[in-house]
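Each remark here refers to the structure printed beneath this line.
The values are calculated or read from the model by the stated rules, or taken from the named source; none is laboratory data. Because the structure is a prediction, the values reported are computed rather than measured. Cβ: placed from backbone, ideal geometry, glycine included. Neighbour counts: every protein chain shown. We work out accessible area using only protein heavy atoms, side chains counted, and drop any ligands, DNA or RNA first. Shrake-Rupley method; radii C 1.70, N 1.55, O 1.52, S 1.80 Å.
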Amino acid sequence: MTDVLEREKRVVSIVLGEYHATTDPKTVVSTVLGSCIAACLCDPEAGVGGMNHFMLPDGDASSAHDQLRYGVNAMELLINELLRSGARRQKLEAKLFGGAHLVSGLNDIGAANIAFIGQFLEAEQIACVSRSLGGHQARRIRFWPVRGKAQQRLLPLEDIATPATMSSSASQMGDGRVELF
């Protein structure tokens, strides 16, 4: 049965400032993180879950899309969507990823994100059942929201763009695209 689910899965990729919630057992939500945080939340009894991807704990936003870059807004929107889909707040479980410090010499945004998410979950009384936070590597995350299963793959530093390597990364990709974390 696992092989059938794996072959028939529906992958939803999210990027910075996005979230996705679902009750579809075939859906897998995926993202790539550096200093950003992905909070994977689910109510395993209700069969509903989702993931967000935020860049900073909080701040001023000029548009609704910019608001999703901030953890405080991204968390509230994801939680509200899960509750609308049948989750119960007291049954929510969190799995957390990201918060890496990728570029030495720059502010450690990852540490600020880690502090924020810990305080947020404590204040909201949401149990964190697993986490992979900090370090110096980017991560590719896959999350099966209905099952609450998460997978992480650490990415080598040469696979990500940093300010020092952005121009060479763009030329290596061939089409001018640069992926930032």
For this session: Residues that are at pLDDT 95 or above, open to solvent by less than 20 Å² (accessible area, probe 1.4 Å) and closer than 18 Å to Val146 by Cα: find the strands (runs of 3 or more DSSP E) completely inside the range 1-100 holding 2 or more of those.
Result: 27-33, 37-43, 48-54, 93-98
Problem set entry | Any pair with Cβ under 6 angstrom, 6 or more apart, that starts in the range 79-91 at a residue that is farther than 10 Å from Ala21 by Cβ and ends at one that is open to solvent by 50 Å² or more (accessible area, probe 1.4 Å) | Lys91/Glu45
